[in-house]
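Written below as structure tokens is the structure these notes are about.
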Amino acid sequence: MKKWLFLPAAGLLAACSQAPEPAPEPTEPPQAVTAGIYDVVYEADGSTIRAVLDESGAYRSYDQDGSEVGRGNWSNVGQRTCFEPTSDAPPVCYTDAPPGEDGSFNAVSDDGRKIYVRPVPDAIAGNETAPIVNE
């Protein structure tokens, strides 16, 4: 009888001594948008702007002629990038697709506007108003 009591107790001790497997850490895809210079192509009409996003959270945007067409603040909220203009224009947020190997990605605004975003080569980084080249 003593043997039978010992076996279940040994099994219970063995079960308690096994360390639980750690839960996998959630991995969030990398944010598509970081501070930098981007060319943004609007799907609806094919127009392109250049957006300069500063690490401070400020942004400026330029048309194809290099004229400033917008400024304000930007932020990342998960996989969304939001822009709050300093003008009377309403704020807008885009849901960003994961970036490709070259850093480019597609995004869709809350109201359904689709854009294609590509980082500008480092060679232009000091001259954000350099002409936009549509590829």
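Quote to one decimal, in nm, the extra length available between LYS114 and ASP65 on full extension: 0.36 nm per residue of separation minus the C-alpha distance between them.
Full-extension gain reported as 15.4 nm.
Each peptide in 99-105, 76-82 receives the mean, over its residues, of other Cβ atoms within 10 Å, and ordering these scores from highest gives 76-82, 99-105.
For the stretch 36-124, a crude dipole built from +1 on the beta carbon of Lys and Arg and -1 on the beta carbon of Asp and Glu, taken about the Cα centre, is about 120 debye to the nearest 20.
Output the peptides 51-61, 88-98 sorted from most to least packed, where packing is the average of other Cβ atoms within 10 Å over each peptide's residues.
Ranking, from highest mean packing down: 51-61, 88-98.
Since every read-out is calculated from the coordinates, none of them should be taken as a lab result. Treat the numbers as computed from the prediction; the structure is a model and nothing was measured. A quick note on method: Cβ atoms are made from the backbone with ideal geometry, for glycine too, and the neighbour counts reach across all protein chains shown.
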